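Peer 1: Structure provided below as structure tokens; questions to follow.
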Amino acid sequence: MNSQSKKIITRLPPSPTGNLHVGTARTALFNYIFAKQNSGEMLFRFEDTDRERSKKEFEDNILEGLEWLGIDFDKSKMFKQSERSDLYKEYLEKMIAEDKAYVSKETEVKEGGRSEVIRFKNPNKKVVFEDSVRGKIEIDTTDLGDFIIAKSLEEPLYHLTVVVDDFEIGVTHVIRGDDGLSNTPRQILIQEAVGAPTPKYTHLPLVLASDRSKLSKRHGAVSVDEYRKMGYLPEAIVNYLMLLGWNPGTDQEIFTTKELIEQFDLNKIQKGGAIFSLEKLGWVNKEHIKKMSDEDFKQKVLEFLPEEITNLNGYSDDKFNKILPVIKERIEKFEDVKIMEEEGELVYYFENPEYEKEKLVWKEDGPDVAIKHLNKIIEMLDEIDNLTAENVKEKLWDYASEEGRGSVLWPMRYSLSGKDRSPDPFTLAGILGKEETINRLKLALEKLN
Ligand code: GLU
């Protein structure tokens, strides 16, 4: 095979020392999408050489999160570094035999440290490599000294395992966070020592919080499952994360995964940090909500709809279907349905609202004005056969315009919702239906009389 036709292999090597972080998910996506668009493959491994901090629960969380995002890979090729000690040992032995590494007796042994470790024999040279974001990078490795690559033959350290694994699985492109940049010279030296080719490097700008510091827990949610629980859609998270450090150079901001695979360009990654903005994510999520089918939207709302609502006597599927457009208008993420419930924005559809009668009266109007308008509205609504939001509006509009919209529509809206803020009275009437709307208006009249 010549180099042009060589299959592109990227890799995703998370350390299972925490839940799937949005930054890792972004790295995963860049690797996944780049491989996909080149008919290549992304290979997965767990870098669990840190036995203390690596946990099964984090492995599960990472795998579940990736699956939820739709980032798939061949599970039969997945492995863990902790299961490959024999392989790393072979490399270490060979390096020692070839005088590229050596067992060093440590003179200054720190607390808990080893008296013997394996060090890499640094050729002290200039390492030059191309990074697709940063361009040509030249580093003199002399300052790195003879760095440690294993604690013992059985306990290899990160730089060695990364190089061995990437070599063994034929990685052609390393796409990882900017924090990996300082590791690259050491890894290139080891590649050269073991006869591994140097892959192409892309170091992605860090994901930053709005204060431009590295995004961390103190800024709020950082793990993918937290966003899942808040009711963001996986396709919106994918879309948003891809925009952290990349854009197509056009106005398009909303993408399906298929479009991302078509349009993503590894050579168009920005250098500066990419700021994670909840506001922008919310907007992207809402755009994806708009694209959902009615049925999918309904199912998703039901997942988040609190029992406080479904347990109400007046709850019905029919009415629930009618308020779905109101919910769609109002939410950015599905957890907002719970907020709507907490703020009393849902309950009044299913039971009569409670409110103070004084609030039925618009501004400087007296109660008599509200009474007059409510009576007139009832009369007009009675004349409508098939009541919908549209024909209520049509019927009342001229009257409201002549008499003053606030004077007419405020008492109506307030009778129906009992809320300072709610959808307009036509929408409310359309959802409640003729009988219930008229009943509520009559109840308001009783209070006023
Ligand atoms: N295991 C490293 C991490 O989770 C990845 C290192 C790499 O991509 O080379 O940060």
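Every read-out reported here was derived from the displayed coordinates using simple, explicitly stated rules and does not represent laboratory data. Bear in mind the structure is a predicted one, so any value in this text is a computation, not a measurement. Please note: Cβ atoms are built from the backbone with ideal geometry, for glycine as well, and neighbour counts cover all protein chains shown.
Peer 1: Where does each of 156-165, 431-440 land if you order them by average Cβ count within 10 Å, highest first?
Peer 2: Peptide ranking by packing, descending: 156-165, 431-440.
Peer 1: While we're on this one: Give a residue-ordered list of calculated ³J(HN,Hα) values for the stretch 79-88 (Karplus: 6.51 cos²θ - 1.76 cosθ + 1.60, θ = phi - 60°; whole Hz; x for Gly, Pro).
Peer 2: 8, 10, 4, 5, 9, 10, 4, 4, 5, 5
Peer 1: Is the stretch 211-296 rounded, prolate or oblate when judged by the Cα gyration tensor, a ≥ b ≥ c being the square roots of its eigenvalues, rounded requiring a/c under 1.5 and prolate requiring a/b larger than b/c?
Peer 2: oblate
Peer 1: Taking θ as phi - 60°, what are the ³J(HN,Hα) couplings along the stretch 246-261 by the Karplus curve (6.51, -1.76, 1.60), each to the nearest whole Hz, with x for Gly and Pro?
Peer 2: Each residue's phi maps through the Karplus curve to give 9, 8, x, x, 10, 7, 5, 10, 9, 10, 8, 4, 4, 5, 5, 4 Hz.
Peer 1: With a Förster radius of 45 Å, plug the Cβ-Cβ distance of Lys6 and Asp251 into 1/(1 + (r/R0)^6) and report the FRET value to the nearest 0.05.
Peer 2: So the FRET efficiency works out to roughly 0.80.
Peer 1: For the pair Arg53 and Ser115, what calculated FRET efficiency results from E = 1/(1 + (r/R0)^6), where r is the Cβ-Cβ distance and R0 = 25 Å, to the nearest 0.05?
Peer 2: Calculated value: 0.55.
Peer 1: To continue, here is another question. Once phi is turned into ³J(HN,Hα) by the Karplus curve 6.51 cos²θ - 1.76 cosθ + 1.60 with θ = phi - 60°, what whole-Hz value does each residue of the stretch 205-213 show in order, with x for glycine and proline?
Peer 2: So the Karplus estimates, Gly and Pro as x, are x, 4, 7, 10, 7, 5, 7, 6, 9 Hz.
Peer 1: Report the relative contact order of the chain, percent, no decimals, based on alpha-carbon pairs under 8 angstrom and at least 6 residues apart.
Peer 2: Taking the mean separation of contacting Cα pairs over the length of the chain, I get 12 percent.
Peer 1: Mind checking the stretch 43-109 for GluC sites (Glu not before Pro) that DSSP puts in a loop (not H, G, I, E or B) and that have at most 13 other Cβ atoms within 10 Å?
Peer 2: Glu52, Glu98, Glu106, Glu108
Peer 1: Turning to a different aspect of this structure: With charges set only on the Cβ (+1 for Lys and Arg, -1 for Asp and Glu), what does the dipole of the chain come to about its Cα centre, in debye to the nearest 20?
Peer 2: 1520
Peer 1: Moving to a separate point now. For the stretch 161-220, build the charge dipole from Cβ charges (+1 Lys, Arg; -1 Asp, Glu) around the Cα centre, then report which of Ile188, His219, Leu204 sits farthest towards its positive end.
Peer 2: The one lying farthest along the dipole's positive direction is His219.
Peer 1: Using a ≥ b ≥ c from the Cα gyration tensor of the chain (square roots of the eigenvalues), is it rounded, prolate or oblate, where a/c under 1.5 gives rounded and otherwise the larger of a/b and b/c decides, a/b for prolate?
Peer 2: prolate
Peer 1: How much of the DSSP beta bridge set in the chain is antiparallel, as a percent to the nearest 5?
Peer 2: The answer is about 55 percent antiparallel.
Peer 1: Within the set Lys94/Lys126; Lys376/Lys447; Lys333/Lys357; Lys298/Lys395, which residue pairs have Cα atoms separated by over 26 Å?
Peer 2: Lys333/Lys357; Lys298/Lys395
Peer 1: How many angstrom separate the Cα center of the stretch 294-352 from the Cα center of the stretch 389-449?
Peer 2: Each part reduced to its Cα centre gives a spacing of 21 Å.
Peer 1: Rounded to the nearest 20 Debye, what is the dipole magnitude of the stretch 305-364 about its Cα centre when Lys and Arg each give +1 and Asp and Glu each give -1 at the C-beta?
Peer 2: 260
Peer 1: Grab the Cα-Cα distance for Ala221 and Glu93, subtract it from 0.36 nm times how many residues apart they are, and report the gain in nm with one decimal.
Peer 2: The span from Ala221 to Glu93 would gain 41.6 nm if fully extended.
Peer 1: I've got another one for you. Could you pull out every residue, at least 5 positions away or on a different chain, whose amide H is within less than 5 Å of the one on Lys200? Hs are placed 1.01 Å off N in the peptide plane, and Pro or chain starts have none.
Peer 2: Those lying under 5 Å, H to H, from Lys200 are His173, Val174.
Peer 1: While we're on this one: So for the pair Trp397, Glu279, with labels modelled 7 Å out along Cα→Cβ, what separation do we get in nm?
Peer 2: 3.5
Peer 1: Now a separate question. Let me know the number of lysine pairs in the stretch 151-238 closer than 29 Å at the Cα, not counting same-chain pairs under 8 apart.
Peer 2: Within the stretch 151-238, the lysine pair count is 4.
Peer 1: In addition: Compute the Cα gyration tensor for the stretch 4-110, then decide on rounded, prolate or oblate, letting a ≥ b ≥ c be the square roots of its eigenvalues: rounded whenever a/c is under 1.5, prolate when a/b is larger than b/c in the other cases, and oblate in all that remain.
Peer 2: oblate
Peer 1: Note the full-extension length gain between Glu259 and Thr388 as 0.36 nm times their separation in residues minus their Cα-Cα distance, in nm to one decimal.
Peer 2: Result for the pair: 42.5 nm of gain on full extension.
Peer 1: Take peptides 422-428, 22-28 and line them up by average Cβ neighbours within 10 Å, highest first, as a rough protection proxy.
Peer 2: 22-28, 422-428
Peer 1: Please compute the length gained on full extension between Ser213 and Ile169, using 0.36 nm multiplied by the number of residues separating them and subtracting their Cα-Cα distance.
Peer 2: Here the segment from Ser213 to Ile169 would lengthen by 12.4 nm.
Peer 1: Follow-up. Mind checking which aspartates and glutamates have their C-alpha under 17 Å from Lys36, skipping anything on the same chain fewer than 8 residues away?
Peer 2: Filter leaves Glu67, Asp72, Asp74, Glu235, Glu259, Glu262, Asp265.
Peer 1: Separate question: What does the charge count near Met340 come to, summing +1 for each Lys or Arg and -1 for each Asp or Glu among other residues with Cβ under 13 Å from its Cβ?
Peer 2: My count for the surroundings of Met340 gives -3.
Peer 1: For Asn311 paired with Ile339, estimate the spin-label separation in nm (one decimal), with each label point 7 Å from Cα along the Cα-to-Cβ line.
Peer 2: A separation of 2.4 nm, rounded to one decimal place.
Peer 1: Using label points projected 7 Å from each Cα along Cα→Cβ, tell me how many nm separate Leu144 and Lys271, to one decimal.
Peer 2: Modelled inter-label distance: 2.3 nm.
Peer 1: Okay, next question. Of Pro13, Tyr348, Gly23, which is farthest on the positive side of the dipole of the chain, counting Cα position, with +1 on Lys and Arg Cβ, -1 on Asp and Glu Cβ, and the Cα centre as origin?
Peer 2: Checked the options; the winner is Pro13.
Peer 1: Check which residues have an amide H placed less than 5 Å from Lys80's amide H, if you skip close sequence neighbours.
Peer 2: Sorted by chain and number, the residues that satisfy this are Phe46.
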